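Written below as structure tokens is the structure these notes are about.
The values are calculated or read from the model by the stated rules, or taken from the named source; none is laboratory data. None of these values were measured; they are calculated from a predicted model. Methodologically, a virtual Cβ is constructed for each residue, glycine included, from the backbone with ideal geometry; neighbour enumeration extends over all protein chains shown.
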Ligand SMILES: Cc1cc2nc3c(=O)[nH]c(=O)nc-3n(C[C@H](O)[C@H](O)[C@H](O)COP(=O)(O)OP(=O)(O)OC[C@H]3O[C@@H](n4cnc5c(N)ncnc54)[C@H](O)[C@@H]3O)c2cc1C
């Protein structure tokens, strides 16, 4: 038998936000961690997203989603500040607030906010959620990568896991494009690719790619004081004058290409909200593949039969927001520590 290359306590498959936050949390508890990444770290969905740290209309989602996003959003500020301090890279965490424009059901929205202790203010043109924050994904991923390496984690890039070799009740090793790896514990954080990677071990995990396209503009200074949302279209002002416009929800398999139709639609809808965009160049268009799961509920925890296999994936539209809370829940599950709330909806069945 080929000797596995690594004797890390934990092998993590996929270096997106969920893989790297899980790695950071394990490293802070003294584990040895290796992260295997097929491409380059933090370049897939976690790079492509908007970094809004809230569901778009929280009242549209089940409690299993909003509890996790609320916990993630509550942990985010202190965590981002610590990442910045430790690495010198600023994830640009900003409590910029989010303005919702009609049409939306104001009564349902206000009742939900009141019942969930979420601050809101009625404005002339809509409803402001002043505590909604944002982070700048590419910076966040750079800081996170630096932090994992600073804590002694090993990130192996251009190393795709091809096969998971299992016995009756445990995983024995991983076969990859850069050799074989063995560890005490295996954690799947492969985003939209998680179900394909797991193959017959996936069981209840039902994750598929849903493409999202975005446009980027550049102003001299932020053209808006808040994130602006109308139905499923949003405008996100960054500190340096960049403005992101998103996004589409497309079932296009693993195709990450961009389309003229999406560009037209996003331009038309965004210009209706901010007319100056009509005369401005789109400086970039991109697409990312969200790890979509039913009802937007991720799977977090141990495999029902394979004692050393775990997953933290399927966060669909809110994987950045959920990341600190998902890692917390996974680690509590591994160590047997109490959970912050009922985590049974995320169980691997
Ligand atoms: C357009 C768009 C807008 C979004 N906006 C927001 C938002 O505003 N707020 C929010 O919270 N979320 C948002 N999201 C969702 C969020 O980005 C995702 O839920 C999150 O990034 C998922 O992170 P992840 O780590 O699970 O997956 P990913 O970032 O996709 O990482 C998975 C990694 O696994 C690697 N991998 C896959 N297979 C293998 C293999 N066999 N071997 C080794 N490595 C492998 C991949 O290369 C990849 O790097 C948005 C997403 C998109 C696309």
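Determine which member of the set 298, 291, 340 is over 30 Å from residue 101 (Cβ atoms) and within 21 Å of the chain's Cα centre (by Cα).
Sole residue among the options that is over 30 Å from residue 101 (Cβ atoms) and within 21 Å of the chain's Cα centre (by Cα): 340.
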Task: Looking only at the stretch 285-307, and only at residues there that are surrounded by fewer than 24 Cβ atoms within 10 Å (Cβ to Cβ) and assigned to a strand (DSSP E or B), the one that is farthest from the ligand (Cβ to nearest atom) - done: 302
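Within the stretch 188-197, identify whether any single residue is assigned to a loop (DSSP other than H, G, I, E, B) and either closer than 17 Å to residue 43 by Cβ or assigned by TED's automatic domain parsing to the domain that holds residue 308 (or both), and answer yes or no. First the steps, then the outcome.
The first filter runs over the stretch 188-197 and keeps only residues assigned to a loop (DSSP other than H, G, I, E, B), leaving 189-190.
Next, only the ones that are either closer than 17 Å to residue 43 by Cβ or assigned by TED's automatic domain parsing to the domain that holds residue 308 (or both) stay: 189-190.
The answer is yes, given that some residue of the stretch 188-197 is assigned to a loop (DSSP other than H, G, I, E, B) and either closer than 17 Å to residue 43 by Cβ or assigned by TED's automatic domain parsing to the domain that holds residue 308 (or both).
Taking residue 310 as the residue in question, decide whether it is away from the ligand (no atom under 11 Å from the Cβ) and in contact (Cβ under 8 Å) with a residue 12 or more places away in the chain.
Values: away from the ligand (no atom under 11 Å from the Cβ): yes; in contact (Cβ under 8 Å) with a residue 12 or more places away in the chain: yes.
When the stated conditions are applied, residue 310 passes them.
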Task: Odd one out for residue 86, checked against (1) assigned to a loop (DSSP other than H, G, I, E, B); (2) surrounded by fewer than 17 Cβ atoms within 10 Å (Cβ to Cβ); (3) modelled with pLDDT of 95 or more - done: (1)
- [ ] For residue 345, state whether it is modelled with pLDDT of 95 or more, under 30 Å from residue 64 (Cα atoms) and within 13 Å of the ligand (Cβ to nearest atom).
- [x] no
Open item on the list: For the stretch 161-170, give me each residue that is surrounded by 16 or more Cβ atoms within 10 Å (Cβ to Cβ) and near the ligand (Cβ under 9 Å from one of its atoms).
Closed with: 161
Open item on the list: Given the condition assigned by TED's automatic domain parsing to the domain that holds residue 74, more than 26 Å from residue 241 (Cα to Cα) and outside any loop (DSSP other than H, G, I, E, B), answer yes or no: does some residue in the stretch 140-147 qualify?
Closed with: yes
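Can you tell me which residue is farthest from the ligand (Cβ to nearest atom) among those in the stretch 29-68 that are part of a strand (DSSP E or B) and farther than 18 Å from residue 135 by Cβ? Walk me through how you get there before you give the answer.
If we filter the stretch 29-68 for residues that are part of a strand (DSSP E or B), which is where we start, we get 33-36, 52.
The next check asks that each one be farther than 18 Å from residue 135 by Cβ; those that pass are 33-36.
Details: 33: 15, 34: 12, 35: 9, 36: 5 Å.
The extreme case among them is 33.
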- [ ] Answer yes or no: is there a residue in the stretch 129-136 that is in contact with a strand residue (DSSP E or B) (Cβ under 7 Å, 6 or more places away or on another chain), within 14 Å of residue 19 (Cα to Cα) and buried (at least 18 other Cβ atoms within 10 Å of the Cβ).
- [x] no
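Has the stretch 104-118 got at least one residue that is in contact with a strand residue (DSSP E or B) (Cβ under 7 Å, 6 or more places away or on another chain) and either in the same structural domain as residue 17 (by TED's automatic domain parsing) or assigned to a loop (DSSP other than H, G, I, E, B) (or both)?
Step one: filter the stretch 104-118 for residues in contact with a strand residue (DSSP E or B) (Cβ under 7 Å, 6 or more places away or on another chain), giving 106, 109, 118.
Keeping just the survivors that are either in the same structural domain as residue 17 (by TED's automatic domain parsing) or assigned to a loop (DSSP other than H, G, I, E, B) (or both) gives 118.
Yes, there is a match, as at least one residue in the stretch 104-118 is in contact with a strand residue (DSSP E or B) (Cβ under 7 Å, 6 or more places away or on another chain) and either in the same structural domain as residue 17 (by TED's automatic domain parsing) or assigned to a loop (DSSP other than H, G, I, E, B) (or both).
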